[in-house]
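Notes for the one structure printed next.
The values are calculated or read from the model by the stated rules, or taken from the named source; none is laboratory data. Remember, predicted model here, so these are calculated numbers, not experimental data. Please note: Cβ atoms are built from the backbone with ideal geometry, for glycine as well, and neighbour counts cover all protein chains shown. Quick note on the areas: whole protein, heavy atoms, side chains included, nothing else; ligands and nucleic acids left out. Shrake-Rupley method; radii C 1.70, N 1.55, O 1.52, S 1.80 Å.
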Amino acid sequence: MATPAGQRSWHASPAVWPVLGIVSLVLLNALFDKLLPGGPGLFGPGAFLRLSMRDGVPAGALVDILNYGGAIAILALGMTPVIATRGVDLSVGSVMALAGAVAASLVVADVPSIAALATALAVGAACGLCNGVLVSFGGVQPFVVTLVLMVAGRGVAQLVTGSQITTFHDPLLEFVGLGRPAWLPLPMPFILATAMLGATVLALRRTALGLFTEAVGSNPEAAALVGVRSRLLVAAAYVFCGLCAALAGLIAMANIKGADPFNAGRNAELAAIFAVVVGGTSLAGGRMCLLGAFAGAFLLQALTTTMYARNIGADVAPLPQALAILAVCIVGSPPVAAMLGRRRKRTP
Amino acid sequence: MRALLASRNLPSLAAAAILAVLVVAGSVRFEHFASVGNLSNLLGDYAFVAIAAVGATFVILAGGIDLSVGSMVAFTAMLAAWLVDRGWHPLATVPVCLAIGAALGAAMGGLIHAFALPAFIVTLAGMFALRAATFLLHDQPLGIVHPFLSWMSRDAAVPLGGAALPARAVLMLAVVALGAIVAGRTRFGRRVYALGGSPRSAEAMGVSVGTTTVAVYALAGACAALAGVVFASAKRAGDPTALVGLELTVIAAVVIGGTLLSGGVGSVGGTLLGVLILGVIRLLIDFQGNLNAAWTSVATGVLLLAFAGLQRALAGLGGWADRGTGGAARIEPRLPR
Amino acid sequence: MTPAERLNHPAASPPLVDVRGVVMDYPGVRALDRVSFDLARGEIHALMGENGAGKSTLVKILAGRQRPTAGTIRLGGTEIRPASTRHAEAHGVSTVFQEIDLVPTLSVADNICLGREPTRLGLVRRPRLRARAAAALRRLGIAIDLDRTVEELPTAIQQLVAISRALDCDARVLVLDEPTSSLDASETGTLFEALRRLREQGLGIVFVTHFIEQVYAIADRITVLRNGARVGCWTTAALSREALVSAMTGRRLEAVHRGPAAAPEREPIGAPAAHAPPALAARDLGRRRSIHPVSLHVSCGEALGLAGLLGSGRTELARLLFGADAPDTGRVEVEGRPLPVGSVRAAIAAGVAMTPEDRKSQGLLLDFSVRENIVLALQSRRGPLHPLPRAEQDRLAAHYIEALAIAAPGPDTPVGQLSGGNQQKVLLARWLAVQPVVLILDEPTRGIDVGARAEIERLILDLRARGMAIVLISSELDEIVRLCDRALVLRDRTAAGALAGEALDESAVLAMVAAAPASASIANRTVDEDAG
């Protein structure tokens, strides 16, 4: 779906790897539960596979993965086109915090919640526009531009909330994160992420935007020589990424019914890059795989949930993630690719 | 010709002017702003930033980037505190931290060179991994008590016009001076500049790119480690949540100080100027009293972008670098990377 | 004793460099086949040949960047086997490559001494370093500020700084790879002045170039390579320009010329058709340091060849026509309507198409499928929001795979897996799909096998017959003659003349390529003076 049908058979799609990763992580956890002396067994209370009903909705580790992975998946969907154009957006975590802060502050100030949501999304898009214009028209390296917003954006979020956690009670805002529609007993973040996946795939693959984005990242000179508007496209990728980050920020905010400018979106940039890279999009640009990034996000959340289940703190979680990103990058690096390519025989 | 020289020096002149304006504005607005006491406090408070920035200057001069610096400083600070907590003498932690910092830096440099990976992704991974490692070491702030540290903060100071310059400020000035000599007066320094100016030419001219890259990141790691020890001794604590976002401050200091983000041009002395500007801004915000500390990071970010944009604009004008027909075969890609 | 006299007494000074029977094999290709070459002290020896002749391979071997498969190199009688650039330099053989190897952000003095800085106690001794740099510059007879950064200097001075750096390590042999390719006339003059000085100091200089006039301006002897083999070695005075071009291209000039070479023509070639504006017309189209203003036009159903040696400005002209570079002078019209300058999008919208010279780095998306590569230009013209339906894409891909006989396992095969000829066909298909009015083809048959080449040539003829206007760049003269109605001959980045109809044959083109310019004292005509 993320890659045009017929272009690659299913087992060649990079999305397979994160899916296999999720499956093996879940199995590993089940095995742990079963074999550990004094463990809960396969479906006992506290077991990884156990699904219980809480307040009429399913709960458990598997539901947690879908729930908390949703925001990461949305981030990853936004990050994918940026990375495909040879860029990167380090500011997604801060944009999350900023969007949450804006929405919460507005709601607390009695602005209608729908207007607050819209404003927060617009702020995210504006952040992306700043990044995109500075990168594509200003010619400043993407990681420098977005590093500024990564650090300063969090500062702005603190200014917005007055350096405190702004809590609120608003049905619509809470629904974004905590909602469980009656007709679909799944966590709202997962539903939103799936909808975003569908929308993104439609927008990029049912138009030529995806092809052009990949062309710009794959061979900028060739793209320019067929008349692709590279700069506009690059700027648009950052705007979309900012928009996605804002949506993810709203979900994170809704999950805790409050905007925390200090901790919202912490390590989110790492999570998003992890998902994209594991999902088969190269940091060198070019081909992108939206479905892979989507699956990669849930692999990351599965990893985090596993670590929680094994009582490893959230603060330590980035260590294996960072190492995994490095490993994937090394496997895909030019020297290693050349080494592997020498073995593979080319068709004439 | 003079115009060329002037445009090349424009960022440095702008930086000096900004510092002057800030100091004048501060003195006009607040009493006792421009005092020797404030200066020595500033040098003391920003000593660890400047020490880390010296290492970052080498990395950026060589055309690289180090995003791991904040985590590296926090990690080594925690390591030092942790060792002192187990009964080590504070001075004994210095060589250990320096060695570990240099080794971690060298490892990142090695990955960047051996696998032709972008520096920002390797050091970004380093940033998160080291932060997590800090938590792994000790997941709470860890205060340390040691007679040596008490003596350091109380008595180890150089008298300076009625005030006292803390020992860590003296150490910082020494590191800056040493860095300036290494950058400007040694073969290694020349290689760093050459590598940043044009990696391809540098290699063709006999510069060992791999060795230089590894050495530069090792140097940056060692500087960050020293900064960590200084930070721990000043705060008399290690804190796993400290110094998030320090990388922005450090990179901004380097860039404001006149070092090109694309590498090859800049100086260690300029970096000290950049640190001072950021320090004075912080001081102004503190003096103002009613301002949120978050303004510091906003101001830092805006300044970094302004100077990065200034660099690009000057390069684009061609006044800075009229490369003729791109004589050195510099083909500007149509798409900025 | 003049260099020429020295050459007449070979016994008096044994060759400085003596290359004997050098063979260089790459996988599947023999780049050099038993090539011999010698260089005397105090001699400037030109090394010439067309693309793929083996010049650059020979230069790399001399420079120590590559080791030959077989053969010997003797320096002053003793055999050397340079294993690296540094090693070659230690023997006294210094090479300055075309892409000047200097660090643009470092000062002149630092560049000259980089890696060889004099130090004491680990610290660089600035005064001594500057003295050494100054001494090296003095040998060339130039005075420049040692503290200027290299990027501030004009290209010619950068060349001289690179040569100074080469001299700083006691060079006895200087190899210059295309040193003048981006210099204007006065800059070339400065460089030649310096080279003559070095020649007087006894250095042996190997001078690789495409510019025929420059060879006659400075070289003592000429060695010509073709297809990896040595054609011969002549003293410059003994070799006519026509003979040199024949030796380089392997095509014989007829004994009787078809009249004197035409003077550079300022008017559009041929008379434009009276009833309709030409498909593509350019008037005084020029760009500083790239191509002297040129006028041309081509009508529907007509093929115009751009002939000339490598580096004569063919590709530069094509890029100006397509809007890939912005011209300094002149303008382009398509079917009578002027195009905005320097806009590829406008050119495409008006119906101009171009397949670039380097199909891998400038044309194809190698990891993309044949289908995606074919639809890319058409899709770009339609805009991103009007995607070609998948069925239409498949139809286009299938159509062109069949029509152009593209040998691919399927439309979804990555283009990178195809052979060069099939890649070229994919690139052609991409532009045919937009049904252009004008098709500019830059070296469409380079590096592809004979069969595919014949097919592409047939295709070009077919497109012409169907009314497309074609601009064809080719190094293969026979291709130009066979496929084109008219040809514009470029030499040293200027239009040397035009040939049409009966007059267009290989020897006429060669004569024009080889003709001495009107003013024989000019090494290569400056591009600036007319552009400015």
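Things worth noting here:
- Scanning segment C:453-510 for residues that are among the hydroxyl-bearing types (Ser, Thr, Tyr) and either in contact with a strand residue (DSSP E or B) (Cβ under 9 Å, 6 or more places away or on another chain) or open to solvent by 30 Å² or more (accessible area, probe 1.4 Å) (or both) turns up C:SER474, C:SER475, C:THR494.
- Unique residue being at pLDDT 85 or above and within 14 Å of chain A (Cβ to nearest Cβ) when the list is B:ALA294, B:ALA308, B:ALA315, B:ALA321: B:ALA308
- Residues of segment C:369-380 classified as more than 7 Å from chain A (Cβ to nearest Cβ) and either over 31 Å from the mean Cα position of the chain (by Cα) or among the hydrophobic types (A, V, I, L, M, F, W, C) (or both), total: 5
- Just one residue in the set C:THR249, C:THR209 is within 24 Å of C:ARG20 (Cα to Cα), open to solvent by 10 Å² or more (accessible area, probe 1.4 Å) and β-branched (Val, Ile, Thr); that residue is C:THR249.
- Within segment A:327-348, residues that are within 23 Å of C:ASN422 (Cα to Cα) reach partners that are modelled with pLDDT of 85 or more and part of a helix (DSSP H, G or I) with beta carbons closer than 8 Å, at six or more positions or on different chains, in the pairs A:ARG346/C:GLN417; A:THR347/C:GLN417.
- Evaluation of A:ALA215 against (1) open to solvent by 20 Å² or more (accessible area, probe 1.4 Å); (2) part of a helix (DSSP H, G or I); (3) in contact with a Leu (Cβ under 8 Å, 6 or more places away or on another chain) (one fails), failing number: (1)
- Helices (runs of 4 or more DSSP H) (entirely within segment B:189-260) containing at least 2 residues that are more than 11 Å from chain C (Cβ to nearest Cβ), open to solvent by less than 10 Å² (accessible area, probe 1.4 Å) and within 23 Å of A:GLN141 (Cβ to Cβ): B:209-235, B:246-256
- Unmet criterion (only one of (1) part of a strand (DSSP E or B); (2) within 27 Å of the chain's Cα centre (by Cα)) for C:SER56: (1)
- Filtered by the rule that a residue be within 18 Å of A:ALA120 (Cβ to Cβ), within 9 Å of another protein chain (Cβ to nearest Cβ) and not in a helix (DSSP H, G or I), segment A:136-187 gives a lone residue, A:GLY162.
- Yes/no for B:LEU178 being open to solvent by 10 Å² or more (accessible area, probe 1.4 Å) and within 14 Å of the chain's Cα centre (by Cα): no
- Filter pass, C:THR223 being of a type in the set (Ser, Thr, Tyr), open to solvent by less than 10 Å² (accessible area, probe 1.4 Å) and within 14 Å of chain B (Cβ to nearest Cβ): no
- Selected residue (only one of C:ASP412, C:ASP449, C:ASP442, C:ASP394 is surrounded by 24 or more Cβ atoms within 10 Å (Cβ to Cβ) and within 12 Å of chain A (Cβ to nearest Cβ)): C:ASP442
- Test: residue in segment A:153-170 that is free of Cβ contacts under 8 Å to residues at least 40 places away in the same chain and surrounded by 22 or more Cβ atoms within 10 Å (Cβ to Cβ): yes
- So C:LEU146, is it closer than 15 Å to C:ALA134 by Cα and touching a Lys or Arg at 6+ places or on another chain (Cβ under 7 Å): yes
- Flag if B:LEU104 is within 14 Å of another protein chain (Cβ to nearest Cβ), in contact with a helix residue (DSSP H, G or I) (Cβ under 8 Å, 6 or more places away or on another chain) and at pLDDT 95 or above: yes
- A residue that is at pLDDT below 85 and assigned by TED's automatic domain parsing to the domain that holds C:LEU499 cannot be found anywhere in segment C:315-329.
- Within segment A:185-202, being open to solvent by less than 50 Å² (accessible area, probe 1.4 Å) and either over 15 Å from the mean Cα position of the chain (by Cα) or among the aliphatic types (A, V, I, L, M) (or both) holds for A:PRO187, A:MET188, A:ILE191, A:LEU192, A:ALA193, A:MET196, A:LEU197, A:VAL201.
- Residue match in segment C:455-473 (condition: touching a Ser or Thr at 6+ places or on another chain (Cβ under 9 Å), among the charged types (D, E, K, R) and under 23 Å from C:SER290 (Cβ atoms)): no
- Residue within segment C:18-33 that is within 14 Å of chain B (Cβ to nearest Cβ) and not polar (S, T, N, Q) present: no
- In segment B:155-180, of all residues being among the hydrophobic types (A, V, I, L, M, F, W, C) and assigned to a strand (DSSP E or B), the one that is nearest to B:GLY37 (Cα to Cα) corresponds to B:ALA163.
- Taken over segment B:109-128, the criterion of being over 21 Å from A:GLY285 (Cβ atoms) and free of Cβ contacts under 8 Å to residues at least 24 places away in the same chain is satisfied by no residue.
- Within segment A:293-326, the set of residues being over 15 Å from the mean Cα position of the chain (by Cα) and more than 14 Å from chain B (Cβ to nearest Cβ) comprises A:THR305, A:THR306, A:TYR308, A:ALA309, A:ARG310.
- Selected residue (only one of C:LEU365, C:LEU418, C:LEU388 is surrounded by fewer than 19 Cβ atoms within 10 Å (Cβ to Cβ), within 25 Å of A:THR281 (Cβ to Cβ) and within 11 Å of chain A (Cβ to nearest Cβ)): C:LEU388
- Annotation note: Cβ proximity below 7 Å between a residue of segment B:42-59 that is buried (at least 24 other Cβ atoms within 10 Å of the Cβ) and assigned to a helix (DSSP H, G or I) and a residue that is among the basic types (Lys, Arg) and modelled with pLDDT under 95 (sequence gap 6+ or interchain) occurs for B:ALA47/B:ARG168.
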